[in-house]
Amino acid sequence: MASQIWSGLASQVGSGLTSTSTSIFAPKGTPAHSIFSISMLVLSITTVIFLVVGGLLLYALLRFRHRRNDANAAQEPPQIYGSNQIELSWTVIPILIVVMLFLATARVILSTQNAPKPADALDVTVIGHQFWWEYRYPKLGIVTANELHIPVSDPKHPTPTYLTMSSADTDHSFWVPRLAGKTDLIPNRVNTMWLDPETAGLYLGQCAQYCGTQHAKMLIRVYADSQADFAAWIVRQQQPAVESSSAIEGQNVFQHTACISCHTVAGTIATGRFGPDLTHVASRDTIASGSVPNTSANLRSFIDNPANFKPGSLMPAMHLNDHDLDAVTAYLATLK
Amino acid sequence: MATHAPVTDSVVNSAPRRLVLEVLHDWVTTVDHKKIGLMYIGYALIFLVIAGFEALLMRVQLSIPNNHFVSPQVFNQLFTMHGTTMVFFVGMPVLFGFGNYLIPLMIGARDMAFPRLNAFSFWIASFGGLLLYFSYLGGSGLYGAGSAPDVGWFAYAPLTAHVFSPGHSTDYWTLAILLSGIGSIGTALNIVTTIICMRCPGMKLNRMPLLVWLYLVMSCLVFVTVSPLTAAQIMLMLDRYLGSHFFDTQAGGSAVLWMHFFWIFGHPEVYVLILPSFAFANEIIPVYSRKAIFGYPAMVAASVGIGFISLSVWAHHMFTVGMGAGANTFFTLATMIISVPTGIKIFNWLATLWGGKIHFTASMMFAVGFLFQFLIAGLTGIMLSVAPFDWQLSASYFVVAHFHYVLVGAILFILFAAFYYWYPKMTGRLLSEKLGKWHFWIFLIGFHLTFDFMHIPGLEGMPRRIYTYEADRGWMMWNMIVSSGAIFQTIGTLLFVYNMVWSFIKGPIAGPDPWDAWTLEWSTTSPPPHYNFAIIPTVESRRPLWDLKHPDDPDSHYE
Amino acid sequence: MSEVAVIPQNTKSAWVLPSRGIVGMACLIVAEAAIFLIFIVAYLYYIGKSLAGPTPHDVLDLPIFTSICLLSSSLTVHLAVSALHHGRRSLCSLWLAATVLLGSIFLAGTAHEWYQLIYRDGLTIRTNLFGTTFYSLVGLHATHVVVGLIMLSLALFFSLTGSMTSKDTGRLEVLSLYWHFVDAVWVVVFTVVYVLGR
């Protein structure tokens, strides 16, 4: 317990502007920037209103408090029933503020939602699942899960990524605060949003619409790669799964258990769609939708019983014996 | 404060002690609006303690990252039960309870328009509350183990479909809300009819106390908001029991339709809860400032305006579902506009304080807390009305902090004020002022520790409804502070409960009019007799008791 | 009790307020209208969205005769109220009986329609979105007709036994308001289901 507290507090201090921050006040993409500027406008207006009205309230409370030793303490104060001029003034002034704020807001709504899509924008289809993310790059023939790779967008040659979003089961919401606001993924409905990270790096987020038991561990990792890195990533991901003779035993176990009814390994008989695509699972940094680092110990533990990290995960405990477990873990570790 | 000699004969009961069973029978079969009102309040207080305890468990779980205090399943049940209970089985009944108790007294009537419907509404609503908690026993049906609903208080489709929510817990949830809705509609119908048809002679609409006006608006709002929820619950039940497809996305049904139906109820519901809170403020602030309410017609107009505008803002809960720029712009505007009549109310309260002689009783202190906290809640509301800002903040802890600022900071604070103000009328004894002030300060500290700091993790990207969070996000310190505030709030609430029990037995005798107030309920004994008024009063102005106390300068000259 | 303020009584002008029954029924009608509105919105939203047949166009016939029966029962219930108002109790019973009969014909028509839809066309509430919205909307209305018929039958019973007199006109009027509402809803349901939706 104590160590948990200290490590938590330590990362608190360190996370000011580190890569694990998810603060909406550290924007790194156009949508997040425009939201940041309108939010600063709203914050300053509301702060001024608070200071003025709160100050008047405080003044009235202090100035007009009942004083026991006052000469005419027992007497009622003069009764004032109202004033139409005053009512009018505190109706009109708020209306003016509202109109101003509304116009500024409408501009941001239109510029974000109706932004023209450049010809060389990247298309990615995002499908929310209980409790992981499926990413499909239809023009590139890539399918991956939980870790989204997109190119950095240079303002002079914008290469934004357009996400086409839906859900396979319940409602989810895609939220990477430093890149953009959130957009819901709803079954039977297609939503879109766009991202254009300005600097390379890892951007974190997570599902923001309650979607079931493990809503909390439906984490998002967006890797903004430089153009060269992104091109290299595409080439690697387009390869079929690595066939490695050393892991043939694990592959056999994999293909003769229920694994293949939910998971795909491109180029093999495993073509399930219910769980994440595992063709290049070893190239990912994390497993279980960003819950734990992708180490062989974690992988083994997850295959043994997913509830070790994510109780309520839809993947059943596979009840493999130790030997098979090691073999499958070794096989998956080869799928670079 | 005017001093009254203790009126002992109004409280002392010389009748012989009755058997517990007789007393119980008396309460269960009563159709007296005062007893039903008290039962509503008592019932709500029990659920307040239960749902508060649920909140406490959640705060323990969230105080540090990757905590294992409760399992994800239990956590999801906790926030579902906490939200559902607080809205439907605390907020609604406690406000209906005060309305039931006060409205006939304030308009000079002897009972509600339909006393038996009144009892029916109470019992059906309380049965709903029992059903909701029965799910802890019967939620898994024949499998034996309990499983409370875990779909969230707004139960977005298709999470409520049989596929994603097997067992019966969601059925208990929907039935409970359906029953509570029927009770709410019944009581609202009763309140409107009472206000329109039962006023004493001279009590024209423009002479009614503002509390009565606000309950009128609130009850009308109940018809057009709780009914859609009832309709949606019927659809959900048809889906779950008869296999229809209203919200079945696999058969072409729409999840977004449920969102619309729910929020057509859900947002005006906030106003259903806040209007009675305004109502209490409208009675309490003038009396302790020793001044008539400033701008009565403007207050009425603003309330009616809020009622109407609140019907056109629901989709600001749906800025992130991809509604398109046009709809987002419209609902941004509608939501911002509602801040205008709300602002008028705050300014009028300010003007009522201005030039008065403010008595800082425990009740008034809670009312002052209400004013400041409602101001802040309104301002964060304006932030959330800005659709792009909402794309970041929606479903984050910022939203959770915002609506708790409304529900706790505004509504619960003014409710406490109402308890300190009307408890003497209801029981004949004053609550302890000293304990009341301790209650105020401790609860105030706890409230601000919890809900001020809860905004920050939201701004740092923490979504709501997560049972735990990653250690590297920097949310831990804020969550620790938030959780520590819960302890103060618990202590404050316990003090309040103790004060209520202690004062019921030992509190000083209140007399009919301890606050030197001006509305009709203070013209009868405390507690009022079964028939309320020996002679049905006649009124000439908005403040009949002011006229009586100041015959040289009556209100009727100015209206 | 000397502390209790005594409020002077005003006997100068008459103080008349609306009848409780009418106001209460008006409130109920507003609430019920909101419930129907939601079902109607759902119906309109799902028109043409069914993933499989049958479609409304294939299976729905216009229930013109039964609709005329239901709408004319509004007139008969009004005549019953005015007969009672004038103290003509047997005439009132006659008109009430006519209302109950017309309402029952309507209900029988709905029953026949549903029987045909279920056994001839194989359309149930589970079949598709059309079935879902159709049975729930028409069924919700039919439930209201049933409640109205029970109340009207009770009124007819009291009228026949002579325990309902012209003093009770106000009560019968409240009931007739409900019945008018049920008829008015049918006009909307008819338009939505049989005209727009087909």
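Each value in this text was obtained by applying a stated rule to the coordinates, not by laboratory testing. Keep in mind the model is a prediction, meaning the values are calculated, not measured. In this analysis, Cβ positions are derived from the backbone assuming ideal geometry, glycine residues included, and neighbour counts consider all displayed protein chains.
Each pair of Cα atoms in the stretch A:245-334 enters the Kirkwood radius, and Stokes-Einstein at 10 °C and 1.306 mPa s then converts it into a translational diffusion coefficient of 122 µm²/s.
Computed over chain A, the Cα gyration tensor eigenvalues convert (square root of 5λ each) into semi-axes of 53, 26, 18 Å, ordered from largest to smallest. Between A:Ile93 and A:Lys117, the modelled label-to-label distance comes to 4.8 nm, taking each label 7 Å out from Cα in the direction of the beta carbon. For chain A, find the longest principal axis of its Cα atoms and tell me its angle to the long axis of helix A:84-113, 0 to 90°, nearest 10. The answer is roughly 20 degrees. Of the residues B:Cys200, C:Cys69, A:Cys262, the one with the fewest other Cβ atoms within 10 Å heads the list, and the complete ranking is A:Cys262, C:Cys69, B:Cys200. Simple rule: put +1 on each Lys or Arg Cβ and -1 on each Asp or Glu Cβ in chain B, find the dipole, and look at B:Phe374, B:Val482, B:Leu350; the Cα lying farthest toward the positive end is B:Leu350. Could you give the angle, 0 to 90 degrees to the nearest 10, between helix B:33-62's Cα long axis and the longest principal axis of the Cα atoms of chain B? Its long axis makes an angle of about 40 degrees. Please name whichever of B:Thr170, B:His82, B:Leu229 sits farthest to the positive end of the charge dipole of chain B, dipole taken about the Cα centre and charges placed at Cβ: Lys and Arg +1, Asp and Glu -1. Farthest towards the positive end: B:His82.
Estimated from helical segments only, the mean residue ellipticity of chain B at 222 nm is -20500 deg cm²/dmol, where each DSSP H run of four or more residues counts as -39500 (n - 2.57). Percent of Cα pairs in the protein assembly as shown per distance bin of 20 Å, from zero to the largest separation: 11, 38, 34, 14, 2, 0. Quick one: among C:Arg88, C:Arg120, C:Arg171, which has the greatest mean-square fluctuation in a GNM of chain C with alpha-carbon springs under 10 angstrom? The residue with the greatest mean-square fluctuation here is C:Arg120.
Each Lys and Arg contributes +1 and each Asp and Glu -1, all at the Cβ; summed about the Cα centre of chain A, the dipole is approximately 960 debye. Here the contact order of the stretch A:269-321, divided by its residue count and restricted to Cα pairs under 8 Å and six or more residues apart, works out to 23 percent. With a 10 Å cut-off around each Cβ of B:111-119, the average count of Cβ atoms from other chains is 1. The P(r) of the stretch B:226-291 has a tail past 16 Å containing 60 percent of all C-alpha pairs. Protection proxy ranking for B:252-264, A:283-295, C:157-169, using the average of other Cβ atoms within 10 Å per residue and placing the highest first: B:252-264, A:283-295, C:157-169. Measuring between alpha carbons in the structure, the pairs from A:Lys182/B:Lys345; B:Lys204/B:Lys549; B:Lys34/B:Lys357 lying more than 30 angstrom apart are A:Lys182/B:Lys345; B:Lys34/B:Lys357. For the residues A:Met318, A:Met193, A:Met100, a GNM of chain A with alpha-carbon springs under 10 Å puts the largest fluctuation on A:Met100. Taken residue by residue and averaged, Cβ atoms of other chains lying within 10 Å of the Cβ of B:76-87 number 1. Placing unit charges on the Cβ atoms only, positive for Lys and Arg and negative for Asp and Glu, gives the protein assembly as shown a dipole magnitude near 1940 debye about its Cα centre. With a 10 Å cut-off around each Cβ of B:321-327, the average count of Cβ atoms from other chains is 5. Under Stokes-Einstein, with the Kirkwood radius over Cα pairs as Rh, the value for chain B at 37 °C and 0.692 mPa s is 135 µm²/s. Here the residues B:Trp518, B:Trp546, B:Trp173, ranked from fewest to most Cβ neighbours within 10 Å of their Cβ, fall in the order B:Trp546, B:Trp518, B:Trp173.
Among C:Ile64, C:Val193, B:Leu520, whose Cα lies farthest out toward the positive end of the dipole of the protein assembly as shown, if unit charges sit on the beta carbon of Lys, Arg (+1) and Asp, Glu (-1)? Farthest towards the positive pole: B:Leu520.
Within the protein assembly as shown, antiparallel bridges make up roughly 70 percent of the DSSP beta bridges whose residues both belong there.
In this structure, the amide hydrogen of B:Ile358, modeled 1.01 Å from its nitrogen in the peptide plane, lies closer than 5 angstrom to those of A:Arg65, A:His66, counting only residues at least 5 positions away or on a different chain. Taking amide H as placed 1.01 Å from N in the peptide plane, the amide H of A:Ile287 sits under 5 Å from that of A:Val292, A:Asn294, each at least 5 places away or on another chain. Shape descriptor for chain C: Rg over Rh equals 1.14 (Cα atoms; Rh from the Kirkwood inverse mean 1/r).
What fraction of the DSSP beta bridges in chain A is antiparallel, stated in percent and rounded to the nearest 5? Here the antiparallel bridges make up roughly 70 percent for chain A. Placing pseudo-labels 7 Å out from each Cα toward the beta carbon at C:Phe157 and A:His323 gives an inter-label distance of 8.0 nm. When you filter the trypsin sites (Lys or Arg not before Pro) in the stretch A:112-185 for DSSP loop state and at most 10 other Cβ atoms inside 10 Å of their Cβ, you are left with A:Lys139, A:Lys156.
In the stretch C:39-181, Cα pairs under 8 Å separated by at least six residues give a relative contact order of 34 percent. Remark: relative contact order (chain B) = 17 percent; criterion is Cα-Cα distance under 8 angstrom and separation of 6 or more residues.
Remark: chain B carries a charge dipole of roughly 680 debye about the Cα centre, counting +1 on each Lys and Arg Cβ and -1 on each Asp and Glu Cβ. Seen against the Cα atoms of chain B and their longest principal axis, helix B:115-138 is set at about 30 degrees.
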